[in-house]
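The values are calculated or read from the model by the stated rules, or taken from the named source; none is laboratory data. Model, not experiment: these values are computed from the prediction. Positions of Cβ are generated from backbone atoms using ideal geometry, with glycine treated the same way; all protein chains shown enter the neighbour counts. With ligands, DNA and RNA removed, areas are computed over all heavy atoms of the protein, side chains included. Shrake-Rupley method; radii C 1.70, N 1.55, O 1.52, S 1.80 Å.
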Amino acid sequence: MPPCWCESRKKSELPRAAPHPGKRRPSLQRRLRHLSGRMVQVKRICCIGAGYVGGPTCSVIAQMCPGLMVTVVDVNEDRIRAWNSDSLPIFEPGLQEVVESCRGVNLFFSTDIDSAIQDADLVFISVNTPTKTFGIGKGRAADLKYIEACARRIADVSTGCKIVVEKSTVPVRAAESIRRIFNANTKSTLSFQVLSNPEFLAEGTAISDLKNPDRVLIGGDESPEGQCAIEALRDIYEHWVPKDKIITTNTWSSELSKLAANAFLAQRISSINSISALCEVTGADVEEVAHAIGTDQRIGSRFLKASVGFGGSCFQKDVLNLVYLCEALNLPEVARYWQQVIEINDYQRQRFSSRIIGCLFNTVTDKKIALLGFAFKKNTGDTRESSSIYISRYLMDEGARLHIYDPKVKKGQIIQDLSQPTLSHGDDTQRVSQLVTIATDPYSACENAHAIVICTEWDMFKELDYERIYKAMLKPAFIFDGRRILDSLHDQLQHIGFQVETIGKRVSQRIPFTGSNEISKPEQLLPSKKLKQ
């Protein structure tokens, strides 16, 4: 190997600077001078992929490590142009301020991918790893074509020594695939070390999560070279992350930990959603049940919020990836266990949609329905795998006319999501344009509507003038609260005249209508349609 990698030394022998209370740790370059072995000195970072992971992550690294030069690259020119403008391509609280504090100083966004790779000492791979839509593993396995393309490009244009870091969510042993590509394409003057450094960000709180993480996980080879690479990445994070929150493992443990973490979180949501169905039949309140069990320290209260189901780019994809992994390794019982997490999530969406149809006298054909919220959660503009997409499709299949409002999701994104082939079931873009109207404010969305459906927990929906909305709606006027954000307003809404339906609770009604007990029975749900993947 080139002499830039540290010589064979145990990690315990690598000297580390003593902590200085109230002072910044010595720079990575200064600390490396104390090593008798030589290793890559990280002065420049390249991140391939300017999406929800790469953009915020590298922006925070640039802000917290002013001595590093950070370049984020992407093939999408429009996205890079947006990162260099005052209108960033993604919405995340606090992101604008972070970017503006270091953009043009030590943070750069570019489409010149090859130059950024050549100049970098460390390269993050933060590209998309979608679920395969065809072939072996269709609908479950991760499609690694973008990861492979990155690895081949890095190998083709690199010189010297590089640390390559998986930041994207990948299946177990993906690093081995990257390493094999490097080994088959490297020159005698070229050396790579591959690390796994999965992200654990929650959209809506990503900047806070990056600056105050629960943990930073770094996985790498147990060889001396691998440990030196881990040390180099650890030193970057130690600029702001306490040492005891940085966990190092082997590569495979790091990759599996990311899948397992998301699977456990998704499991908790599906668990409480399954209880919400029981609550609606028995008369219990799922919020009270969640509070009661959440006070048990062994369980805890987080991720026990019943809703219309989980969404986002990671949960479903990672659980399906875990299912496929278990099937491939001949663990069918484990695969079926995790598959049920997805089944319950689909069931919750269908159940809520059926409840809407049942309450509206078993038909929504040509009825205007106001759908408030399209992002998969508040404080983000991300719509990937949003429950709003599925609920919209179910209602459109019944002929409903949807008027959709979301404060952060653009019209083009909504139309694109509802028109994508994996969800269209034969409907084309023209049919979507006939049934879907994008409203510019919630009041116009609700005017002359038969019902309001709340799909995203935006705070602004708690503060609307519901008396004004009720007067402009057709009667009886219904509110379907899929996020339990109007609990404190139930009495007020009923006094106004609304018929209120919510997740996991019976709400006593002022006038009779189709009962929720009947429509929540499994045999009366919408037919379960297997989505084309």
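Being touching a Gly at 6+ places or on another chain (Cβ under 6 Å) and in contact (Cβ under 8 Å) with a residue 24 or more places away in the chain is the filter here, so list the residues in the stretch 281-304 that pass it.
Once the filter is applied, which keeps residues that are touching a Gly at 6+ places or on another chain (Cβ under 6 Å) and in contact (Cβ under 8 Å) with a residue 24 or more places away in the chain, the stretch 281-304 yields Val286, Leu304.
For (1) part of a loop (DSSP other than H, G, I, E, B); (2) touching a residue at least 60 places away in the same chain (Cβ under 8 Å), each residue gets a yes or a no:
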| site | (1), (2) |
| --- | --- |
| Gln340 | no, yes |
| Ser353 | no, yes |
| Phe361 | yes, yes |
| Val364 | yes, yes |
| Lys378 | yes, yes |
| Asp382 | yes, yes |
| Glu385 | yes, yes |
| Gly399 | yes, no |
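Residues of the stretch 115-145 being under 26 Å from Ala62 (Cβ atoms) and free of Cβ contacts under 8 Å to residues at least 24 places away in the same chain, which ones?
Answer for the stretch 115-145, where residues must be under 26 Å from Ala62 (Cβ atoms) and free of Cβ contacts under 8 Å to residues at least 24 places away in the same chain: just Ser115.
Condition check ((1) among the β-branched types (Val, Ile, Thr); (2) not in a helix (DSSP H, G or I)) across all residues:
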site	(1), (2)
Lys162	no, yes
Ser168	no, yes
Pro171	no, yes
Phe182	no, no
Val194	yes, yes
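In the stretch 264-321, how many are part of a helix (DSSP H, G or I), within 18 Å of Gly204 (Cβ to Cβ) and open to solvent by 50 Å² or more (accessible area, probe 1.4 Å)?
Qualifying residue count for the region: 2.
Of all residues being surrounded by fewer than 22 Cβ atoms within 10 Å (Cβ to Cβ) and among the aliphatic types (A, V, I, L, M) in the stretch 449-468, which is nearest to Lys378 (Cα to Cα)? Just the residue, please.
The qualifying residue nearest to Lys378 (Cα to Cα) is Met460.
Inspect all residues belonging to the stretch 155-169 and state whether any of them is under 22 Å from Leu233 (Cα atoms), touching a residue at least 60 places away in the same chain (Cβ under 8 Å) and among the aliphatic types (A, V, I, L, M).
The answer is yes, given that some residue of the stretch 155-169 is under 22 Å from Leu233 (Cα atoms), touching a residue at least 60 places away in the same chain (Cβ under 8 Å) and among the aliphatic types (A, V, I, L, M).
Quick check: anything in the stretch 85-105 farther than 21 Å from Leu210 by Cβ and within 22 Å of the chain's Cα centre (by Cα)?
Taking every residue of the stretch 85-105 in turn, at least one turns out to be farther than 21 Å from Leu210 by Cβ and within 22 Å of the chain's Cα centre (by Cα).
Which residues, taken from the stretch 154-198, are aromatic (Phe, Trp, Tyr) and open to solvent by less than 10 Å² (accessible area, probe 1.4 Å)?
Phe182
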